[in-house]
Amino acid sequence: MYLLSNCDIIIVERLIILKRIIKKTIMRAYFLLCFLFPVLLFSQDKINEDVLALFHEQDKVPCIISMTEQLDLLGTTDGLTKDEKASFVFNALKAHANATQEGIRSQLTSMGLSYKSYIIFNGLLANLSLEQAQILASRPDVMSITLDESIMVSNHQTDLIAPRMQAEWG
């Protein structure tokens, strides 16, 4: 039998608490190494190199987030008039984007980010930090994150092209 003083009891209690803290820290580190790190590592493949390079210079980068699910309307407008095709394609793209972007729009809002949604290519535009880009890239519904950059177009002669009065669909 051991005789312990009050000081010894306090030391033993603190050692027990310290052991619990160390165990929790090890478990958290294990979680990060086994689960979170691979997600972030593999999500880097979805982030374009230009975006990653720009994060070395800027905290926030204008990014285009392209969704994995893209709508294929090939052959669905056969037999429709131009106006019917235009209406059908627009409504189908809008419905598809609304359905597939719901989760990521919610996540962007919860991150406090503003964004612009595009139905034509099923994607979004947002200014992201590196951490936010990595989190979004880890989503299975995100195909890629690329840089929203301006592209210079050379001057061309517009008088050689006959203007169209109506949109061509199909």
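The values are calculated or read from the model by the stated rules, or taken from the named source; none is laboratory data. Bear in mind the structure is a predicted one, so any value in this text is a computation, not a measurement. As a convention, Cβ positions derive from the backbone with ideal geometry for all residues, glycine included, and neighbour counts pool all protein chains shown. Side chains included, ligands, DNA and RNA excluded: accessible areas come from the protein's heavy atoms. Shrake-Rupley method; radii C 1.70, N 1.55, O 1.52, S 1.80 Å.
What the table shows:
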{"item": "Answer residue from the range 61-110, given it is open to solvent by 60 Å² or more (accessible area, probe 1.4 Å) and basic (Lys, Arg) and is farthest from the chain's Cα centre (by Cα) among those", "result": "Lys82"}
{"item": "Residues of the range 111-138 that turn out to be part of a loop (DSSP other than H, G, I, E, B) and either open to solvent by less than 30 Å² (accessible area, probe 1.4 Å) or not aliphatic (A, V, I, L, M) (or both), as a count", "result": "7"}
{"item": "Residues being under 30 Å from Gln132 (Cα atoms) and part of a loop (DSSP other than H, G, I, E, B) - total across the range 62-86", "result": "5"}
{"item": "Among residues of the range 11-56, those that are within 14 Å of Gln134 (Cβ to Cβ), of a type outside the set (A, V, I, L, M, F, W, C), surrounded by 11 or more Cβ atoms within 10 Å (Cβ to Cβ) and modelled with pLDDT of 80 or more, counted", "result": "2"}
{"item": "Qualifying residue in the range 128-138 (condition: within 17 Å of the chain's Cα centre (by Cα), more than 21 Å from Gln58 (Cβ to Cβ) and at pLDDT 75 or above)", "result": "yes"}
{"item": "Meets criteria (in a loop (DSSP other than H, G, I, E, B) and modelled with pLDDT of 75 or more) for Asp59", "result": "yes"}
